[in-house]
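First up is the structure itself, then whatever we jot down about it.
The values are calculated or read from the model by the stated rules, or taken from the named source; none is laboratory data. Remember, it's a predicted structure, so these values are computed and weren't measured experimentally. Quick reminder, even Gly has a Cβ in these numbers, built from the backbone with ideal geometry, and neighbours come from all protein chains shown. Surface areas here come from the heavy atoms of the whole protein model, side chains and all, with no ligands, DNA or RNA. Shrake-Rupley method; radii C 1.70, N 1.55, O 1.52, S 1.80 Å.
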Amino acid sequence: MAKIKTAIVGTGFMGKVHTENVRRLGNVEVAAVVGSRPERAKQFAEAMGIPKAAASLKEVLDDKEIAAVHICTPNVDHYPMSKAAIEAGKAVLCEKPLTLSAAEARELVELAKAKNAINCVQHNLRYYPVVQQIRQMIAHGDLGDILIAQGTYSQDWLLYDTDWNWRVDTEENGKLRAMGDIGSHWMDMIQHLTALPITAVCADLATFHKTRKRPKGSVETFSGKKLQPGDYEEFPITTDDFGAVLIHLGDRAKGAFTVSQMSAGCKNRFSFDIFGTKAGVSWSQEQPDTLWIGHRNDPNQIIIKDGSLLYPAAAKFADLPGGHSEGYDDSHKQVFKNFYARVADPKVPIDYPTFEDGLRGMVLLEKVAESAAREGWVKV
Ligand SMILES: NC(=O)c1ccc[n+]([C@@H]2O[C@H](COP(=O)([O-])OP(=O)(O)OC[C@H]3O[C@@H](n4cnc5c(N)ncnc54)[C@H](O)[C@@H]3O)[C@@H](O)[C@H]2O)c1
């Protein structure tokens, strides 16, 4: 059977992760790549064995054989690139956060609907098998009514004022940085798991480094540590290094989370605890196969991922046998699997995050910004 041809836009961290993981599906061919400059696309195509280094996004969009595009560029490009791809009749899988504003996200949702375009926003972190088990436990009432959700998404890669990435610049990133980059994942996750919407937020944001030293060359994600001290220029920073948010979840539940890109030692600490009237659960991305279940009157449990012991709806996200870890790469593959099932057959039900989820995320980010500016609660 002919493979579905796809294109990757962006040759950095996500460009590579998407290329590697979409290839694991077997029925999708990465046929082309677009870079910020033709030389970059060429280098990436050679390194990754991709047949075509396109000179521009337009070249890919004009190619009738290409059915889908992955947008793995800085946030500022998500809206114009997604829009152009939908208009060209492609299925679009865009990295998060979907856009720079809720207005842009709303426009994409409406355009996708009008053009009947298959669309996905890459909230891959939902798809660790143990996380899906938590979703099923909540849906089956194992936790009772949800009362409390708390957690963090903390990293340390922007701790020093010499740490630089396009994300610190509002023009490429948007106004909210730690909150937009990783807080977007935390908020998406908690709503996905509990099936409850965040209904109000009270946020406090901090920019610890008022200026950062911008290197004169370009820097890709997580590569800052390799830079030698040398030629920098002082760059004023207004995006958040840290944020703390109180939340209301649905009618009854309450919670709080922090985000940080300046917490020494936290490499990718995405964690949450959810407590209900019957039981609690706890999960951390740094041990993604482990699930803690807390009980009031029985001993607490620690469960290790084993597909044969999960709810069937969670087990379908576990492709390896028990005890064989499934991690970050696998979470991307799970989204791609369901997205391309629908590209292959548009009658397949949607089982991946869509632009609607991306819009919801952008609305929440704007409410967080408004709350921080007003120093008070904001209803969503
Ligand atoms: N889902 C996740 O787990 C996850 C993780 C990291 C990043 N992201 C998201 O992925 C996106 C990319 O982040 P990254 O960490 O890969 O950044 P990165 O800096 O490593 O890569 C971005 C790439 O885009 C290229 N680029 C810039 N402008 C371009 C243009 N006009 N056309 C083509 N290519 C262009 C850059 O040269 C670079 O190679 C961001 O929106 C980010 O929020 C998601």
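Sequence neighbours fewer than 8 away in the same chain don't count; with that in mind, list the lysines whose C-alpha is under 22 Å from LYS115.
Qualifying lysines at Cα under 22 Å: LYS5, LYS58, LYS64, LYS83, LYS90, LYS96, LYS347.
What number, in percent, do you get for the relative contact order of the chain if the mean sequence gap of Cα pairs under 8 Å and at least 6 apart is divided by its residue count? Can you show the working numbers first?
Numbers: 827 pairs, mean separation 78.2, N = 380.
Dividing the mean separation by the residue count of the chain yields 21 percent.
If I compute solvent accessible area with a 1.4 Å probe over the protein chains, what percent of it on the chain is carbon and sulfur? Don't skip to the end; give the middle numbers.
Details: 8790 of 16730 Å².
It is 53 percent, rounded to a whole number.
For a quick protection proxy, order the peptides 100-107, 203-210 by their average other-Cβ count within 10 Å, most packed first. Before the final figure, lay out each step's value.
On the way: 100-107: 19.0, 203-210: 17.0.
Sorting 100-107, 203-210 by mean packing, highest first, produces 100-107, 203-210.
For segment 306-323, list residues with backbone N below 18 Å from a point placed 7 Å from the Cα of HIS140 toward its Cβ?
Inside the label zone: 306-319, 322.
Of the peptides 72-84, 32-44, how do they stack up when ordered by the mean number of other Cβ atoms within 10 Å, highest first? Present the calculation step by step, with values, prior to reporting the outcome.
Numbers: 72-84: 21.1, 32-44: 19.2.
Highest mean packing first, the order is 72-84, 32-44.
Using the heavy atoms of the protein chains alone and a 1.4 angstrom probe, what is the accessible area of the chain per residue in square angstrom?
Working: 16730 Å² over 380 residues.
Per residue, the chain has an accessible area of 44 Å².
Determine ³J(HN,Hα), in whole Hz, for all residues of segment 138-144 in sequence, where each value follows from phi through the Karplus function 6.51 cos²θ - 1.76 cosθ + 1.60 and θ = phi - 60°; x replaces Gly and Pro.
5, 4, 7, x, 5, 9, x
Using only alpha carbon positions, build the gyration tensor of the chain, then give the equivalent ellipsoid semi-axes as the square roots of 5 times its eigenvalues, largest first, whole angstrom. Could the numbers behind the result be given before it?
On the way: eigenvalues 197, 146, 82 Å².
The equivalent ellipsoid of the chain has semi-axes of 31, 27, 20 Å.
State the number of lysine pairs found in segment 129-322 whose Cα atoms come within less than 16 Å, restricting to pairs 8 or more positions apart or on distinct chains. Working shown, then result.
Values: LYS175/LYS210; LYS213/LYS225; LYS213/LYS226; LYS216/LYS225; LYS216/LYS226; LYS225/LYS267; LYS305/LYS316.
Summing the qualifying lysine pairs gives 7.
With each pseudo-label sitting 7 Å past Cα toward Cβ, what's the GLU110-ASP319 distance in nm, one decimal?
Here the modelled spin labels are 3.8 nm apart.
Using a basic spin-label model with each label point 7 Å from the Cα along Cα→Cβ, how many nm lie between GLU233 and TYR328?
3.1 nm
Relative contact order of segment 129-322: what whole-number percent is it, with Cα pairs under 8 angstrom and at least 6 residues apart?
That works out to 33 percent.
Cβ neighbours within 10 Å, averaged per peptide: list 86-99, 327-340 in order, most packed at the top.
Highest mean packing first, the order is 86-99, 327-340.
Where does the chain land at 222 nm, in deg cm²/dmol rounded to the nearest 500, when only DSSP H runs of n ≥ 4 count, each adding -39500 (n - 2.57), divided by all residues? Please list the in-between numbers first.
Details: 11 runs with 119 residues, N = 380.
After summing the helix terms and dividing by the residues of the chain, the value is -9500 deg cm²/dmol.
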